[in-house]
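Quick notes on the structure that follows.
The values are calculated or read from the model by the stated rules, or taken from the named source; none is laboratory data. Computed from a predicted model, the values in this text were never measured in an experiment. Ideal geometry is used to build each Cβ from the backbone, glycine not excepted, and the neighbour counts take in all protein chains shown. SASA here: full protein model, heavy atoms, side chains in, ligands and nucleic acids out. Shrake-Rupley method; radii C 1.70, N 1.55, O 1.52, S 1.80 Å.
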Amino acid sequence: MHFFEIVGGNRLKGAIPISGAKNSALPIMAASILMDGETILHNVPDLADVRQLQILLSRLGVKAHRDEEGALHLRVEDEMNVHAEYELVSKMRASVCVMGPLLAKRKRAQVSMPGGCAIGSRPIDLHIHGLETLGADFELANGDVLLRAKKLTGTDIFLGGAFGSSVTATANVLMAATLATGRTVIGSAACEPEITDLGEFLNKCGARITGHGTPQITIDGVERLEGKEHHVIPDRIEAGTHMIAAAITNGDVELTGARIDHLQAVVDRLRRVGVIVERDEKGIAVSSSRRLEPIEATTQPYPGFPTDLQAQLMTLLCLADGNSVITEKVFPDRFLHVGELNRMGARLRKEGPTVIIEGVKRLIGAQVMASDLRASAALILAGLVGKGTTRVHRAYHIDRGYERIEEKLSAVGANIRRLDE
Ligand code: EPZ
């Protein structure tokens, strides 16, 4: 098992290339189940989660390979198997994205319930509500969701839940509706850029979708879809993570390929902290050479502040001049990083879905344990400024969502190594 060893204190300077978006690539890869012919995806990041979904897709009869330029080619070769098994889904909840495409194209799906994970319970009631409303029969058997439908019929579907919209539920229903008969209107749809990217890809393949990226998406069903080429959008969460790495080290970094229009809430909060963030012709330039101001932040569905950057922002605010407050409105239990940051000298106090962050002068390097993907990134950020050496154990959490993070950070001056336990 690998861990990261970081010696804190270096200011980051230089350019970090931003990879393709994990949370766009995954549903678009699942959408290949819908396609006749070959789908070719460019800018798909080389991540554990992507490789995991490739394994599941191959079990479902979708052959996938990377060409010499790194483009991912996908083609349906066998439509017999519709079972996404527990041993695969339990490793990666985004596997649930195969449910809509399997139901629409093969008229049946058997997907293991994802269960809980480090950031909280991961219910799929909205996914099932949406697919049932399209006409699927639903049954729960031995922890698997069984869905069948002779045909899917377009209709109005409200997808809002107790925490607002659902990204992957929107993706599942959107993909299923492309092959339904008639018009589907999804209300309270997720507006994340990854949904917009999925809609753009599906339209290239012959779907008839409007409103993707807004809370109301309209889909007019078609007979069939033809795989096409697509370039996946850059990863706004990776970009946001490295923006905070630049800020926390008082560095000066250019995030090449990042799209500032996908990060408006993050730019807003960082500017209030006193970080300089500018759009430039290659992406986003971030610099910070002064004390950090304390702020309030609340995570919301897009375009609000993303829950996937909550832990990273918390790490930055540990060093602000005063008390900050972060409230987590999407995954209220997503605070496993709090205990680990306190072991590094942070002063964090959790009050339900809110954490009070008392600014301290410095963090002290320590041995810490990664838990969820983004909390692990936050611990690496803490190590970049922690006095002395920090070891972040269970590096595999990071490898799920960040491509070669130690190489990208070393290239701009961080003292970080990947070692074997
Ligand atoms: C997506 O997960 C992302 N994953 C997550 O990123 C991200 O944290 C999350 O959206 C929120 O932005 C992918 O896109 C692969 P949700 P998803 O359904 O779709 C509740 C990362 O680090 N809910 O938008 O599973 C749910 O409990 C990962 O890259 C229901 O109640 O999240 C949560 O409170 C972590 N019923 C809220 O909605 C449902 O049927 C938002 O969840 C579905 C969700």
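Of everything in the stretch 397-411 that's within 16 Å of the ligand (Cβ to nearest atom) and not in a helix (DSSP H, G or I), which residue is surrounded by the fewest Cβ atoms within 10 Å (Cβ to Cβ)?
Taking the stretch 397-411 first, the residues within 16 Å of the ligand (Cβ to nearest atom) are 397-403, 405.
Those left that are additionally not in a helix (DSSP H, G or I): 400-403.
Numbers: R400: 20, G401: 25, Y402: 27, E403: 18.
Step by step, filter the stretch 397-411, then rank; the result is E403.
Name every residue in the stretch 204-221 that is free of Cβ contacts under 8 Å to residues at least 60 places away in the same chain and closer than 15 Å to S32 by Cβ, in order of residue number. Full working, then the answer.
So the first thing to find is which residues in the stretch 204-221 are free of Cβ contacts under 8 Å to residues at least 60 places away in the same chain, and the list is 204, 206-218.
Residues satisfying the conditions are K204, G206, A207.
Which is open to solvent by 10 Å² or more (accessible area, probe 1.4 Å), in contact with a Gly (Cβ under 8 Å, 6 or more places away or on another chain) and within 16 Å of the ligand (Cβ to nearest atom), of I233, I217, I195?
Details: I217 fails: open to solvent by 10 Å² or more (accessible area, probe 1.4 Å); I195 fails: open to solvent by 10 Å² or more (accessible area, probe 1.4 Å).
It is I233.
Test E200 against the criterion of being among the acidic types (D, E), crowded, with 24+ Cβ neighbours inside 10 Å and closer than 22 Å to V50 by Cα, and give yes or no. Before you say what the answer is, go through the steps one by one.
On the way: among the acidic types (D, E): yes; crowded, with 24+ Cβ neighbours inside 10 Å: no; closer than 22 Å to V50 by Cα: yes.
Considered against the rule, which asks whether it is among the acidic types (D, E), crowded, with 24+ Cβ neighbours inside 10 Å and closer than 22 Å to V50 by Cα, E200 comes out as no.
From the list R374, R394, R417, pick out the single residue that is touching a helix residue (DSSP H, G or I) at 6+ places or on another chain (Cβ under 8 Å), closer than 22 Å to C117 by Cβ and open to solvent by 60 Å² or more (accessible area, probe 1.4 Å). Steps first, answer last, please.
Details: R374 fails: open to solvent by 60 Å² or more (accessible area, probe 1.4 Å); R417 fails: closer than 22 Å to C117 by Cβ.
None of the other options fit; the residue is R394.
Kindly check whether there is at least one residue in the stretch 139-149 that is touching a residue at least 12 places away in the same chain (Cβ under 8 Å), away from the ligand (no atom under 14 Å from the Cβ), open to solvent by less than 80 Å² (accessible area, probe 1.4 Å) and part of a loop (DSSP other than H, G, I, E, B).
Yes, the stretch 139-149 has at least one match.
Quickly run through the stretch 306-328 and pick out the residues that are within 15 Å of the ligand (Cβ to nearest atom) and open to solvent by 10 Å² or more (accessible area, probe 1.4 Å).
Within the stretch 306-328, P306, T307, D308, T327 meet the criteria.
Which of the residues that make up the stretch 355-371 are open to solvent by less than 30 Å² (accessible area, probe 1.4 Å) and modelled with pLDDT of 95 or more? Walk me through it before giving the result.
Looking only at the stretch 355-371, we keep the residues that are open to solvent by less than 30 Å² (accessible area, probe 1.4 Å), and these are 355, 357, 359-360, 363, 365-366, 368, 370-371.
Residues satisfying the conditions are V355, I357, G359, V360, L363, G365, A366, V368.
Out of everything in the stretch 377-388 that is open to solvent by 20 Å² or more (accessible area, probe 1.4 Å) and not in a strand (DSSP E or B), what residue ends up being farthest from T299 (Cα to Cα)? Lay out the reasoning, then the answer.
Pass one, the stretch 377-388, residues open to solvent by 20 Å² or more (accessible area, probe 1.4 Å): 385, 387-388.
Checking which are not in a strand (DSSP E or B) leaves us with 385, 388.
Details: V385: 25, G388: 32 Å.
This residue is G388.
I244 fails exactly one of the following numbered conditions: (1) under 30 Å from V360 (Cβ atoms); (2) β-branched (V, I, T); (3) open to solvent by 30 Å² or more (accessible area, probe 1.4 Å). What is the number of that condition?
Condition not satisfied by I244: (3).
Please return the ranges of helices (runs of 4 or more DSSP H) entirely within the stretch 1-116 where 2 or more residues are touching a Phe, Trp or Tyr at 6+ places or on another chain (Cβ under 7 Å), crowded, with 20+ Cβ neighbours inside 10 Å and touching a residue at least 12 places away in the same chain (Cβ under 8 Å).
Numbers: elements: 22-31, 48-59, 86-89, 99-106.
The helices (runs of 4 or more DSSP H) meeting that bar are 22-31.
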